[in-house]
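Here's the structure we're looking at; comments come further down.
The values are calculated or read from the model by the stated rules, or taken from the named source; none is laboratory data. Remember, it's a predicted structure, so these values are computed and weren't measured experimentally. Every residue, glycine as well, gets a Cβ built from its backbone with ideal geometry; the counts of neighbours run over all protein chains shown. Note: areas computed on protein heavy atoms with side chains; ligands, DNA, RNA excluded. Shrake-Rupley method; radii C 1.70, N 1.55, O 1.52, S 1.80 Å.
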Amino acid sequence: KREVKMRKLDSTKVRPLKSEQLLHIEDHDFALRPGFGGSPIPVGIDVQVESIDSISEVDMDFTMTLYLRHYWKDERLSFRSNQNKSMTFDGRLIKKIWVPDVFFVHSKRSFIHDTTVENIMLRVYPDGNVLFSLRITVSAMCFMDFSRFPLDTQNCSLELESYAYNEDDLMLYWKHGNKSLSTDEHISLSQFFIEEFSASSGLAFYSSTGWYNRLFINFALRRHIFFFVLQSYFPAMLMVMLSWVSFWIDRRAVPARVSLGITTVLTMSTIMTGVSASMPQVSYIKAVDVYLWISFLFVFLSVIEYAAVNYLTTIEERKQLKKRGKASGMYSMDAAQAMAFDGCFHDTDMDMDLSPYPDPCEENDTKESQTDLSNEDTPRLRRRRSLKGNVGRIILQNNHVIDTYSRIIFPSVYIVFNFFYWGLYM
């Protein structure tokens, strides 16, 4: 009975595959690195970047898909081959042999592609040299500086390092030097120019475990400026120039100038809010903030300019009324002055009593109703002729000296600011 039981147990054992028998996998302990107890094992690395999938300013990271290849020699995997041909395997053999434990420093997310099967390739040569290749997508941190945004250039790097083996056990190096990093010719990004790719190496120190070899994949990204010119800079320029239209409007047209000023201020606020919403909340000032805030200041000053013009105009008209006053308390005013005083439209010049009235507009209507109906069209014809022939003269006569200077000073200072800004940041 015992013999029968033993035979049943022996019959359940899984026989090693032919490839495993050829590589003598069962004869060695692959939990230990090659050459354990001796000099560190050199592991060469080369990388082919397939694509840069995204760059996120808000999360300060990037996503990259790449082919990561490892090269090392493990004499325990050597085998006899009459034709000196290598053997290629998929990911099923990886769990049974020793492979380098390379990981991505500052990685947030990463995965090995598994469609239709895991994208892993292992190639073993008769002398024990091994090629181990993976297709990986990794998202890693990129420490960005937005002080020159959107006229900035960002330098990002993907860092590779062994997790368990320090420099006494494993030596990471670029297999072919600077040529170890290659890229696809068709790599492009919507917001950036890829200026360069470069490979470098260094050492990382951890107080608990010692020094580790670290490899760097460095790339520089320069931002496309045209998108931000259309979305931020050009609208801000238009709003600033639109606010200057106020200087050419009659100073007594209070609703027109106030409405124009408030509209431009609110539009500038909307532009600034839209730009800030798509950016990380950093504690320093960005280049686009400088431009938008200066533009907002120009728009705001155009509103303040009209407040000063309106105030000085009111004081000036009061002085004129006092000088032209009559003993009866009646003052002669032209139509524009009368409108500014009582808020009603007048076709002709009139005399206004400064004594309090219940409603000056109703008084006007009463006077007009008492006029002869035969002369009804005379003021209208006179008004049309004056509007057609004397618009320019009326504007110049009703222009304040502050408006005159503002037409020159505001555009000149804004042009100087633009030259200084673009010269500094470009």
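So the values come out like this:
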| quantity | calculated |
| --- | --- |
| Summed residue charge, Cβ within 11 Å of Lys175's Cβ, Lys/Arg positive, Asp/Glu negative | +1 |
| Calculated from backbone phi, Karplus (6.51, -1.76, 1.60) coupling profile of region 79-93 in Hz, x at Gly/Pro | 8, 7, 8, 5, 9, 6, 9, 7, 10, 10, 10, 9, x, 5, 7 |
| P(r) weight above 22 Å for region 41-223, C-alpha pairs, percent | 51 |
| FRET efficiency for Ala204 and Ser269, using Cβ-Cβ distance with R0 set to 51 Å, rounded to 0.05 | 0.65 |
| Extension reserve of the Asn418-Asn155 stretch, reckoned as 0.36 nm per residue once the Cα distance is removed | 91.9 nm |
| Exposure rank, largest accessible area first [Lys286, Lys85, Lys323, Lys108; 1.4 Å] | Lys323, Lys85, Lys108, Lys286 |
| J(HN,Hα) series, region 251-267, from Karplus relation 6.51 cos²θ - 1.76 cosθ + 1.60, nearest Hz, glycine and proline x | 5, 8, 7, 4, x, 5, 6, 5, 4, 5, x, 5, 4, 5, 5, 5, 5 |
| Residue-count net charge about Ser86 - beta-carbon cut-off 11 Å; Lys, Arg +1, Asp, Glu -1 | +1 |
| At R0 = 51 Å, FRET efficiency that the Cβ-Cβ distance of Ala256 and Met60 yields, to 0.05 | 0.60 |
| Trp174, Trp211, reordered so the largest accessible area comes first (probe 1.4 Å) | Trp211, Trp174 |
| Cut-off 15 Å between beta-carbons: net charge of the residues surrounding Ile285, Lys and Arg +1, Asp and Glu -1 | -1 |
| Estimated vicinal HN-Hα couplings, Hz - region 269-275 in sequence order (Karplus 6.51, -1.76, 1.60; Gly, Pro = x) | 5, 5, 4, 5, 5, x, 5 |
| Label point at Val245 placed 7 Å out along Cα→Cβ; residues across region 251-270 whose backbone nitrogen lies under 14 Å | 256-265, 267 |
| Model label zone, His24; criterion: amide N under 17 Å from point 7 Å along Cα-to-beta-carbon; scope region 39-59 | none |
| Nearest-0.05 FRET efficiency for Tyr311 and Lys108, computed from C-beta distance (R0 56 Å) | 0.45 |
| Entries of Lys73/Lys179; Lys96/Lys179; Lys85/Lys175 with Cα pairs more than 26 Å apart | Lys96/Lys179 |
| Positive-end extreme of charge dipole, region 41-223 - chosen from Asn82, Tyr165, Pro126 (charges on Cβ) | Asn82 |
| Stokes-Einstein D (µm²/s) once Rh is taken as the Kirkwood radius of region 91-185 over alpha-carbon pairs, at 37 °C in 0.692 mPa s | 199 |
| Whole-percent carbon and sulfur share, accessible surface of region 41-223, 1.4 Å | 47 |
| Listed residue (Ser208, Thr137, Phe193) projecting farthest to the positive dipole end of region 89-219, Cβ model | Thr137 |
| For region 41-223: accessible area per residue (Å², 1.4 Å) | 51 |
